[in-house]
Amino acid sequence: MMKLRITIVFCCAALLTAGLFLLPAHAAAKDAELRFDGRPKVGEPYVISVNTRQVRTYRMKLVGIDNPPRRRETHEIHAVGELVYQSLDPLVIQFKVEAMNQTVDGVKTDYAPLAGMTAIVRSSGVNLRDIPLGTEEDAAESVLGGGSASGASSDTKKKTTKEIREMLPGARRLIASMFSAPLDHPEEYLGKSRKVKPGEKWTASAKPMLEAIKANGLELAEDKVTATATYNNPSKFYEADILAQNVFFLAESANIPGYDFKLEVHFQFPDGGDDPPFRVERSATEVVNRAIPEGVPGFSGSVMDCVTTVQSDVAMIRKSRVKAKKKNWFLDLFD
C-alpha cells in the first residue's frame, strides 16, 4: 500500500488554489524564469499552516450481496505555528505551536494548552529520531512559564499541568505525523529551473512516485505512470504582498490490474526568489482491489476494495515577508 505523503512546504510535499487574485492578462503574458530548487533560510522564522484530511474506505464486494459491508476511517490535522530551520543537513526544525488539533473518526482532540510550547524535530535521512516536547517533569513549566501561569490559582495550575502531561504522548505522535514524510523536493518532479509561458505544459518526472510505490511493496514500470506539469498565470499570495508563480503537477497510473492512483499538486513559488514554495496543495486518490483467492468457503469470487483519499494544504512564508492586513490573517487563512 502506498503511503500518500504529507510534507512541509519545502518538500514536494497538496486542491484548487483559494484566495488568489489573478493579475491582468497583459501582466501575465511574459515568459517567466521559474526556479524549483529553493530551500528555507536557516535561522529565519517562518509562519506555517498545515491542514490535512485522509479518508480510507474498505469495502467487501461479496457475491450475491447487493449491499456490501463497509468500513470508513478518517483523520484530520490542523496546525498553525512558527517554524525555524536550525539545520538542513541533517534536518533540525524548531516548531513553536500556536494552534493544533486533530480529529480521528469524528473524535476531536484540541491541543490548545500546548500553545507556546516548542518542539525540536530532528531527522537522520527520512526517519525522525526525536520529538522532545519536554519531559513530564518540566512540561508544565515550559508551557506555563515557570509555573506563574499569568497569576492563575494553584488549583487551576495543577489542573492545567495534568492536562498538558496527558496530552504530550498524543502531541508527539501528531507532530511526528506532520513532519515525518520522506524528504523530496519540487525539483525532483519539475526540474531545477525552467523558462515558460503561462499555459505551457511539459513532461515532469514520475520517479519520486515510483520510488514511493515501490517502498510500499508494488514495483511499477515507468510507462505505467504519466506525469505532467503546467505553468499557470501568476497571482498575489493572499494578503502577503508577494507575487506567486503557480505550477500544477499531475501524476496518474495507467492500465495496472487491481491498482490505480491519481495525484494533483498545486505549487505557489515566489517570483524571482530562491525560497521554497509558499504553498503546496495536494489531492490524491489511491484504489487497491484484491480478489479473495478461489476456494475460500463462502467468499469465492469476492473482492476487497481499499480507497484512500488525501487532501492537504501546507503554507509557509518567511515572517519578514508578511504584510498582514488584519490580525491573525494566517491563522484564519484556511478556515
Residue 177 being closer than 26 Å to residue 101 by Cα and among the polar types (S, T, N, Q) | yes
Working carefully through the options 109, 118, find the one that is under 14 Å from residue 170 (Cβ atoms) and not small (Gly, Ala, Ser).
-> 109
Could you say whether any residue in the range 234-255 is modelled with pLDDT under 90, part of a loop (DSSP other than H, G, I, E, B) and farther than 27 Å from residue 51 by Cβ?
-> yes
Hey, among the residues in the range 266-277 that are surrounded by fewer than 24 Cβ atoms within 10 Å (Cβ to Cβ) and either in a loop (DSSP other than H, G, I, E, B) or hydroxyl-bearing (Ser, Thr, Tyr) (or both), which one's modelled with the highest pLDDT?
-> 275
For the range 207-221, which residues satisfy the criterion of being closer than 30 Å to residue 32 by Cα and surrounded by fewer than 16 Cβ atoms within 10 Å (Cβ to Cβ)?
-> 207
When residues of the range 246-265 are limited to those that are surrounded by fewer than 17 Cβ atoms within 10 Å (Cβ to Cβ) and of a type in the set (A, V, I, L, M), the one farthest from residue 35 (Cα to Cα) | 256
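The values are calculated or read from the model by the stated rules, or taken from the named source; none is laboratory data. Since the structure is predicted, the reported quantities are computational estimates derived from the model, not experimental observations. Neighbour counts run over all protein chains shown; Cβ positions are idealised from the backbone, glycine included.
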